[in-house]
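J.: Before we start, here is the structure in question, set down as structure tokens.
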Amino acid sequence: IETDIGRDVKAQRDESKLAPPPMYQVVMLNDDYTPMEFVVEVLRRVFSKSVEQAEHIMLKVHHEGRGVCGIYTRDIAATKVDKVMRLARANQHPLQCVMEPAP
Ligand code: TYC
């Protein structure tokens, strides 16, 4: 019994034996009304993108309907979705952002 417990404790402490956490991608959706400049500012503020990176993602969403802003653990992804949705609502834009399990 004692050795079994000792082995379990050791296994819990061994970081190399931890499974990686499930990852989620945060996806921005296109609409016809949100200004491009607003989307770029959101991508810079919430996802720490450069102007060039933000414009690239915004244009991808504009042309293809959706685009991945980043891939994060569940809590971080949910917080970023919440920040985007609050900014959109506060500025009365219909911008939508969702999280989904990373493939
Ligand atoms: N389609 C919008 C426009 O033409 C721009 C836009 C881009 C909106 C990306 C949302 O996630 C979005 N003003």
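J.: Per residue of the chain, what 222 nm ellipticity follows from adding -39500 (n - 2.57) for every DSSP H run with n ≥ 4, rounded to the nearest 500?
T.: Here the helix-only value at 222 nm equals -17000 deg cm²/dmol.
J.: Mind listing the long-range amide H neighbours of Ala102? Cut-off is under 5 Å, sequence gap 5 or more, other chains count too, H placed in the peptide plane at 1.01 Å from N.
T.: Met23, Tyr24, Gln25
J.: Here's something else I'd like to know. Under the definition of Cα pairs under 8 Å and six or more residues apart, what whole-number percent is the relative contact order of the chain?
T.: Here the relative contact order equals 40 percent.
J.: Can you list residues whose amide H is under 5 Å from Cys69's amide H, if they're 5+ apart or on another chain and H is modeled 1.01 Å from N?
T.: Val26, Val27, Met28
J.: Most fluctuating residue of Met85, Met23, Met36 in a GNM of the chain with Cα springs under 10 Å: which is it?
T.: Met36
J.: Quick one: what are the phi-derived ³J(HN,Hα) couplings along region 61-78, Karplus 6.51/-1.76/1.60 with θ = phi - 60°, whole Hz, x for glycine and proline?
T.: Whole-Hz 3J(HN,Hα) from phi for region 61-78: 4, 4, 8, 10, x, 7, x, 7, 8, x, 10, 9, 5, 4, 5, 5, 4, 5.
J.: Here's a follow-up. Might you tell me the accessible area per residue for the chain, computed with a 1.4 Å probe and given in Å²?
T.: Per-residue value: 72 Å².
J.: Carbon-plus-sulfur fraction of the accessible area of region 12-103, 1.4 Å probe, in percent?
T.: 51 percent
J.: While we're on this one: With every protein chain in place, what's the accessible area of Tyr24 (1.4 Å probe, Å², nearest 10)?
T.: The value for Tyr24 is about 50 Å².
J.: Using θ = phi - 60° and the Karplus relation 6.51 cos²θ - 1.76 cosθ + 1.60, list the HN-Hα couplings for region 16-23 in order, rounded to whole Hz, with x at every Gly or Pro.
T.: The phi angles translate into 5, 9, 7, 5, x, x, x, 10 Hz.
J.: Whole-Hz Karplus ³J(HN,Hα) for region 47-57, in order, using 6.51 cos²θ - 1.76 cosθ + 1.60 and θ = phi - 60°, x for Gly and Pro?
T.: Karplus-based 3J(HN,Hα) across region 47-57 equals 10, 6, 8, 6, 4, 5, 4, 5, 5, 4, 5 Hz.
The values are calculated or read from the model by the stated rules, or taken from the named source; none is laboratory data. Please read all numbers here as calculations on a predicted model, not as lab measurements. When the accessible area is computed, the model is the full protein with side chains, heavy atoms only, and any ligands, DNA or RNA have been set aside. Shrake-Rupley method; radii C 1.70, N 1.55, O 1.52, S 1.80 Å.
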